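K.L.:
What follows is a single structure, and I will ask about it in a moment.
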Amino acid sequence: MNHPLPADAELPRYGAIDPASIEADLDQLLASNRAAIEALLAEPGPATWERLCAPLEELEDDLERFWAPISHLNSVNNSEPLRHAYNVCLPKLSAWRSWLGQHRALYEAFQAVAKEDPSVDAVPGRRRALDNALRDFALAGVALEPAQRDRFAELSQHLATLSARFSDNLLDATDAWSLTVDEARLAGLPGSTRAAARRNADAAGESGYRLALDGPTYLAVMAHGEDRDLRKAFYTAWQTRASDQGPHAGQWDNSTVMHEILDSRRELADLLGFANYAELSLATKMAPDTASVIAFLEDLAARARPQAEAEWDALCAFAREHDGTTQLEAWDVPYYSEQLRQARYAISQEDLRPYLPLPRVLEALFSLCGELFGIEFRPGEAFDSYHPDLVLYAIYRDGELLAHCYLDLYARSGKRGGAWMGDCRVRREGVHGLQRPVAWLVCNFSPPEDGRPSLLTHDELTTLFHEFGHGLHHLLTRQTVAAVSGINGVEWDAVELPSQFLENWCWEAGFLARLGRHVDSGEAIPQALVERLLAARRFQAAMQTVRQLEFALFDFRLHLVWKHAEETPVETVLEAVRREVAVVHPPAWNRFQHGFGHIFAGGYAAGYYSYKWAEVLSADAYARFEEEGIFNGETGRAFLREVLEMGGSRDAMATFLAFRGRAPDIEPLLRHSGIAA
């Protein structure tokens, strides 16, 4: 079979991924694993970790190493043959997970190991892994009657297919739209956006400038485009993707897909005895119950909304004074916000670009990680690649190779939008010895042009640091049990702690002074520019906070109250949340929810609140660095030891307490956001 990452390989062999053979290879691997598990259970012997859990971990890891590179390639180098093979395999993988999770004999064997094997408490990570496994058996329906188990498995497979369809529809709708304009309509747009549009037009054999609907272009048009009709066209195209509205109304429409996803999740919760899917979601999170989540979000909204309303009033007043605009539409808000930022602080995201060339940013980031965590990044040796954009780094500490990290950082056609960390291979101790972790860090920055490197905005800088924080969590773990290694086993509402934590250095004058160097002259970033950036940090912070709370409350309430589309229309739930917390109200034809991949095609269903909860944790964790020094190596090693290295081997609250010495405090988050406590 074609295995892209066999046990004896350090890195994926992307060339081994043949869409024509993926399904047959997966069938072979699943059949082999199934037979091995049945043979394992049939063999008499003591209920020990080494006899039962360790062999199962080998089988599961082999499957993960097979599938992870395929799934990654489908996201970053999408093609019709690969997409077809990927989508055909999703129900098979879902069926496999259901079979495994509902296997009563396996469940009983795990119960016996948890009860009888003393090594479970003697070897770090084993007890936590077993407790999580027994919980996951219950959440997979192991205790259900046969007919209910079958229905549970059917729903799980259907959900896997629906999530992929949601993501495919969004990608296709995004790639399908573009707008070719003459130079006059580009007024205000950055040079990098103009250059990319010119290249797009050349490639299409057109005159003028072809603006695509990728993330960097959309953000540039909305924040800097002086042509109001151009902004409206982009806003309309972006906010109606994969819906019943907009320029491709009815094509790639996610309306029914969303309803089927919500129906299936509700039925899964019913089968397991939960009142709703939100309650089911919390079974793997820190939050104790649904009321606590709602209370947390509503309390933060109550703190932020008065300030957000004041910020909105100030923006409206500025627009009237600036050019007589009396009615701000949704497509005006980013533009006038940027104009107001410049008027108040004489700074624009574009002002930072020349001082944030990507190679220099990476150099400073690697240096910071060395100072704090004692690690070194070295360029990878010759490696198999799927695209020229891909680069590889090896991570060392004291001369020891710890991990490998791929960077795929530029926007291109066929690549999913957004930014994420993908775990390619987990750290574990197995029959082949110590397996080192491998990760992908993916962003969608503007690519290099005219011999110059990619130049980042400050927002893009924080995005890079965010994903790098996830990567460090996966790559620097010292756990040897796969189920609790890296991000595995970490409660979902704590998994954002390291990522949001690392963002803080992007707002430190001392670090920015080290990092910022002009792309052409090498001149250090002017202190005055840094001061203006930091002064603008809390600009519209409350508006941004209530926007995120809008997403979080919509997600959680939707999964809390959903019955079916006729009784609980998605847009009705969203509108109710907006009336409660929003200060910017979009037009009725806005279809944001049709592109909300986090909850319909990602892992954040009834969990988007995790971003805000993790901000509380990360701001408070960073407060220790503010107290002891942001480059303090001892504090950095403490974070490494108590958070990054621990992975999911203990309860997330215990991890936080071990680092901070007390329970989380919301005050640092409010202070960072400029919101009154």
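K.L.:
What number of residues within the range 429-465 satisfy the criterion of being assigned to a loop (DSSP other than H, G, I, E, B) and over 30 Å from Asp8 (Cβ atoms)?
P.N.:
Total satisfying the criteria: 9.
K.L.:
Going by the conditions given, is Arg13 charged (D, E, K, R), farther than 17 Å from Ala483 by Cβ and touching an Asp or Glu at 6+ places or on another chain (Cβ under 8 Å)?
P.N.:
So Arg13 fits the description; yes.
K.L.:
Does the range 496-542 hold any residues that are within 30 Å of Glu60 (Cβ to Cβ) and either outside the structural domain of Glu449 (by TED's automatic domain parsing) or modelled with pLDDT of 95 or more (or both), and which are they?
P.N.:
Leu497, Pro498, Ser499, Gln500, Phe501, Leu502
K.L.:
Sticking with this structure for a sec: Among the residues of the range 90-148, write down those that are more than 27 Å from Ser71 (Cβ to Cβ) and polar (S, T, N, Q).
P.N.:
Gln111, Ser119, Gln148
K.L.:
Okay, next question. Conditions: (1) part of a helix (DSSP H, G or I); (2) charged (D, E, K, R); (3) crowded, with 17+ Cβ neighbours inside 10 Å. Arg641 meets all but one. Number of the miss?
P.N.:
The failed condition is (3).
K.L.:
Given Tyr386, Tyr396, Tyr335, Tyr345, which one is free of Cβ contacts under 8 Å to residues at least 60 places away in the same chain and hydroxyl-bearing (Ser, Thr, Tyr)?
P.N.:
Going through Tyr386, Tyr396, Tyr335, Tyr345 in turn, the sole match is Tyr396.
Residue by residue, here is whether (1) more than 17 Å from Glu496 (Cβ to Cβ); (2) assigned to a helix (DSSP H, G or I) holds:
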site: Thr572; (1), (2): yes, yes
site: Val577; (1), (2): yes, yes
site: Glu580; (1), (2): yes, yes
site: Ile599; (1), (2): no, yes
site: Ala605; (1), (2): no, no
site: Tyr622; (1), (2): no, yes
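K.L.:
With (1) of a type in the set (D, E, K, R); (2) touching a Lys or Arg at 6+ places or on another chain (Cβ under 8 Å); (3) closer than 30 Å to Glu580 by Cβ as the list, and Arg517 as the residue in question, which single condition is left unmet?
P.N.:
(3)
K.L.:
Another question, if that's okay. Select from the range 121-156 the residues that are in a loop (DSSP other than H, G, I, E, B) and without any contact (Cβ under 8 Å) to a residue 60 or more places away in the chain and write down the one among them that is surrounded by the most Cβ atoms within 10 Å (Cβ to Cβ).
P.N.:
Per the criteria, the residue is Ala140.
The values are calculated or read from the model by the stated rules, or taken from the named source; none is laboratory data. Since the structure is predicted, the reported quantities are computational estimates derived from the model, not experimental observations. Because the Cβ atoms are built from the backbone with ideal geometry, glycine has one as well, and the counts that use them run over all protein chains shown.
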